[in-house]
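Participant: Following this message is one structure expressed as structure tokens.
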Amino acid sequence: MSAIELRHINKYYGEGENRVRVLRDINLSIGEGDFVAIIGQSGSGKSTLMNIIGCLDSPSDGVYLVDGVPAASLDANGLARLRGQKFGFIFQRYNLLNSLNAVDNVALPAVYAGMAPDERRGRAGRLLSDLGLAEKLAKRPNELSGGQQQRVSIARALMNGGEIILADEPTGALDSASGEHVMDILMQLNARGHTVIVVTHDRHIAGFAHRVIEIRDGQVIADTRARPAAAPERGAARRRPRGRLLFQKDQFMESLAMSVQAIFAHKLRSILTMLGIIIGIASVVSVVALGRGSQQKILADISSMGTNTIDIMRGTGFGDRRAGRIRTLTVEDSDALAGQSYIASSTPTTTASGTITWRNLDLTGRLNGVGEQYFDVKGLELASGRNLTGRDVQSGAAVVIIDENTRAKLFPGGEDPIGQVLLFNRQPLEIIGLAKKQNASFGPADTLNLWSPYTTVMNRISGERFISSITVKVRDDVSPQVAEQNLTRLLTVRHGGTTDFFTVNSDSIRQTVESATGTMTLLISCIAFISLLVGGIGVMNIMLVSVTERTREIGVRMAIGARQANVLQQFLIEAVLICIIGGALGVFVSALVGLVFNSLVENFPMSFSVGSVLLALLCSTLIGVIFGYMPARSASRLNPVEALARE
């Protein structure tokens, strides 16, 4: 039975006037178990004929049958499957992958055939041992002699069965003794039933074959048989195919392992490729962290003014010159607001500027008249002493709470101020509490602030019957915007339909700040994202160079059964891995920058979030997919013959 059959095969290269006919009307039939030598001088067309037989190339016209099936009827994946299952290639230059050891080189065809990892490594080890390389299993090609490398190549050809062994000048790069040994091995394989086809220009090597076919100028000029073909072995059970999902999983894991090997095999190139991604990701994460830190700082400053609060002030807005002459805000307004269901608490505020006297020291400060709930509403805390009480407010008690600035000015020696009596505009006030230091982002940092009951300030200090502002705290389950609308409506009615006041909603400020800082962060992130794009383009360029450098490797993989999808997957995974590792290193660099920044700058921290880190890694992955696809696709579409011929 014919294993392969060629009918009227012609092969042309070039176009127009440069068109060259390499093979001329070739008709051959090679049976199972035959040992055939194809001889001819350089340029005779014997290598082209070998490539067509091995399904690495296709004829320009004519019919080529493998086991009765026309090769032209198979697509690229079908041809790859045929090469992997039917043929075993032995190359003149061995074509072993330098990044793999002997066992992995031999096992490579079985990876694309879907053989289980343990099974293929065991089979590869046995094949190498049968060929006298039991002590060389872990050696890489550059650690083996020429003869040993050729025996590894023979073992690889037998990995998936190698029903038809195609040997292209198998002894061309070997000395005489090694060449004789290789031919002995091929004769033994033929005796076991393998069909062996050897391409050579050496008639001595051709003498080992049963049948010699001579080619000159693309034509068969002689076809002689010296011995009958060996009887092919039958009875070798075909391996049952593995489940599709398991097969796909193994293919992915092998592609991942090969990609990692390729990255570590070219460490410097990989690091340089990652550099753009590292800079881009570090920039994006750092900018987002700076934006988030600044936002948190500003929001903390706003919270220090009071959480979920609304301030009601005289006039039409900040800067209104008539505000000082408006006398309509009263304590009764505050009491009316306190009775509303959407208000948690309300406290009137009046202020008076004057002179603070302590012993022989006079200072200028501001006395704030407030209610007992003021500190809770504004989120202020005491460092020592007690807070104002309802009794203090009702009785107009001559008590005062001072801030840290006032304590530092009046008691620089560290004396306890609690229980001491100071004068404000010549009125004695007993110090009952010391407020913790306030965030000074809003307002002057050196202002001396004191707090007394508003009744005390109005009756003892200013003598006025109106207040300067009202601060209300909105219930947690009520929208601040809704509460603001309702209290505005209520006060407008109480003031005879006149809106002689304005409101400052801390929630509105917070939303404005969040929106502004978010916009700035987005803008700067977009600028930083440009560096990511530059890094992605760098990945694409380096991967294209990598494809060019590894063209011969790609050709070898295709010759031993790799499908286009396998090559595409491997190079795509390699690009994605480079970007993911680069992204992780970029996050690490950003974390180091944040650590240094936060140690040097106390009141403006960089704030990292898990979301921004995950988004950065997702971006780096997408860049790997997007910019790695074109080089990977280019690699998968290479012509096997042209790839193998590339130096």
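Participant: Considering only residues that are part of a strand (DSSP E or B) and of a type in the set (A, V, I, L, M), which ones fall in region 1-22?
Facilitator: Hits for region 1-22 are Ala3, Ile4, Leu6, Ile9, Val20, Val22.
Participant: If I ask for residues that are in a helix (DSSP H, G or I), over 23 Å from Gly583 (Cα atoms), open to solvent by 40 Å² or more (accessible area, probe 1.4 Å) and touching a residue at least 12 places away in the same chain (Cβ under 8 Å), which ones from region 595-644 would you list?
Facilitator: Taking region 595-644 first, the residues in a helix (DSSP H, G or I) are 595-600, 610-636, 640-644.
Pick out the ones that are also over 23 Å from Gly583 (Cα atoms) and you get 599-600, 633-636, 640-644.
Among the residues that remain, those that are also open to solvent by 40 Å² or more (accessible area, probe 1.4 Å) are: 599-600, 633-634, 642.
Answer for region 595-644, where residues must be in a helix (DSSP H, G or I), over 23 Å from Gly583 (Cα atoms), open to solvent by 40 Å² or more (accessible area, probe 1.4 Å) and touching a residue at least 12 places away in the same chain (Cβ under 8 Å): Arg633, Ser634, Glu642.
Participant: Let me spell it out: the conditions are (1) in contact (Cβ under 8 Å) with a residue 12 or more places away in the chain; (2) outside any strand (DSSP E or B); (3) farther than 19 Å from Val457 by Cβ, and Glu415 meets all of them except one. Which number is the exception?
Facilitator: (1)
Participant: Does Leu577 satisfy being in contact with a Pro (Cβ under 9 Å, 6 or more places away or on another chain) and either closer than 29 Å to Phe247 by Cβ or open to solvent by 60 Å² or more (accessible area, probe 1.4 Å) (or both)?
Facilitator: Spelling it out, it is not the case that Leu577 is in contact with a Pro (Cβ under 9 Å, 6 or more places away or on another chain) and either closer than 29 Å to Phe247 by Cβ or open to solvent by 60 Å² or more (accessible area, probe 1.4 Å) (or both).
Participant: Take region 287-308 and flag every residue that is surrounded by 23 or more Cβ atoms within 10 Å (Cβ to Cβ) and either farther than 30 Å from Gly535 by Cβ or at pLDDT 80 or above (or both). Can you show your working first?
Facilitator: The initial filter retains those residues of region 287-308 that are surrounded by 23 or more Cβ atoms within 10 Å (Cβ to Cβ), namely 287-289.
Scanning region 287-308 gives a single hit, Ala289.
Participant: Check off (1) open to solvent by 60 Å² or more (accessible area, probe 1.4 Å); (2) in a loop (DSSP other than H, G, I, E, B); (3) farther than 25 Å from Glu32 by Cα for Gln92 and give me the number that stays unchecked.
Facilitator: For Gln92, the failing item is (3).
Participant: Check off (1) farther than 26 Å from Ala344 by Cα; (2) touching a residue at least 24 places away in the same chain (Cβ under 8 Å) for Val421 and give me the number that stays unchecked.
Facilitator: In the conditions (1) farther than 26 Å from Ala344 by Cα; (2) touching a residue at least 24 places away in the same chain (Cβ under 8 Å), Val421 misses (2) alone.
Participant: Return the residues of region 180-208 that are farther than 20 Å from Pro228 by Cα and either in a helix (DSSP H, G or I) or small (Gly, Ala, Ser) (or both); say none if nothing qualifies.
Facilitator: Step one: filter region 180-208 for residues farther than 20 Å from Pro228 by Cα, giving 180-182, 200-202.
Answer for region 180-208, where residues must be farther than 20 Å from Pro228 by Cα and either in a helix (DSSP H, G or I) or small (Gly, Ala, Ser) (or both): Glu180, His181, Val182.
Participant: On to the next question. Any chance you could count how many residues in region 155-205 are over 24 Å from Gly84 (Cα atoms) and crowded, with 23+ Cβ neighbours inside 10 Å?
Facilitator: Qualifying residue count for the region: 1.
Participant: Quick one: count up the residues across region 367-408 that are surrounded by fewer than 16 Cβ atoms within 10 Å (Cβ to Cβ) and over 55 Å from the mean Cα position of the chain (by Cα).
Facilitator: 5
Participant: Within the bounds of region 562-584, is there any residue that is over 15 Å from the mean Cα position of the chain (by Cα), part of a helix (DSSP H, G or I) and without any contact (Cβ under 8 Å) to a residue 40 or more places away in the chain?
Facilitator: Within region 562-584, not a single residue is over 15 Å from the mean Cα position of the chain (by Cα), part of a helix (DSSP H, G or I) and without any contact (Cβ under 8 Å) to a residue 40 or more places away in the chain.
Participant: Of all the residues that make up region 1-42, how many are at pLDDT 90 or above and of a type in the set (Phe, Trp, Tyr)?
Facilitator: The number of residues fulfilling the criteria is 2.
Participant: Which residue out of Leu49, Leu108, Leu56 is at pLDDT 85 or above, assigned to a loop (DSSP other than H, G, I, E, B) and closer than 30 Å to Gly146 by Cβ?
Facilitator: Sole residue among the options that is at pLDDT 85 or above, assigned to a loop (DSSP other than H, G, I, E, B) and closer than 30 Å to Gly146 by Cβ: Leu56.
For every residue, the table says whether it meets (1) in a helix (DSSP H, G or I); (2) touching a residue at least 12 places away in the same chain (Cβ under 8 Å); (3) not hydroxyl-bearing (Ser, Thr, Tyr).
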site: Arg123; (1), (2), (3): yes, yes, yes
site: Leu127; (1), (2), (3): yes, yes, yes
site: Glu135; (1), (2), (3): yes, no, yes
site: Lys139; (1), (2), (3): no, yes, yes
site: Asn142; (1), (2), (3): yes, yes, yes
site: Gly161; (1), (2), (3): no, yes, yes
site: Gly172; (1), (2), (3): no, yes, yes
site: Ser178; (1), (2), (3): yes, yes, no
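Participant: Identify, please: which residue in region 10-47 is crowded, with 23+ Cβ neighbours inside 10 Å and of a type in the set (Val, Ile, Thr) and is, among those, farthest from Asp168 (Cα to Cα)?
Facilitator: Selected residue: Ile26.
Participant: Got a number for residues in region 57-71 being open to solvent by 10 Å² or more (accessible area, probe 1.4 Å), in contact (Cβ under 8 Å) with a residue 40 or more places away in the chain and among the aliphatic types (A, V, I, L, M)?
Facilitator: The qualifying residues number 2.
Participant: Only one of Gly561, Gly555, Gly582 is among the small types (Gly, Ala, Ser), farther than 26 Å from Asn95 by Cα and open to solvent by less than 50 Å² (accessible area, probe 1.4 Å). Can you tell me which?
Facilitator: The conditions single out Gly582.
Participant: Let me spell it out: the conditions are (1) in contact with a strand residue (DSSP E or B) (Cβ under 7 Å, 6 or more places away or on another chain); (2) within 17 Å of Ser346 (Cβ to Cβ), and Thr456 meets all of them except one. Which number is the exception?
Facilitator: Only one criterion is unmet by Thr456, namely (2).
Participant: Also, I was wondering about something else. Considering only residues that are assigned to a strand (DSSP E or B) and modelled with pLDDT of 90 or more, look in region 439-488 and name the one that is surrounded by the most Cβ atoms within 10 Å (Cβ to Cβ).
Facilitator: Filtering first and then ranking leaves Ser452.
The values are calculated or read from the model by the stated rules, or taken from the named source; none is laboratory data. Since the structure is predicted, the reported quantities are computational estimates derived from the model, not experimental observations. In this analysis, Cβ positions are derived from the backbone assuming ideal geometry, glycine residues included, and neighbour counts consider all displayed protein chains. Calculation scope for accessible area: heavy atoms of the full protein, side chains included, ligands and nucleic acids excluded. Shrake-Rupley method; radii C 1.70, N 1.55, O 1.52, S 1.80 Å.
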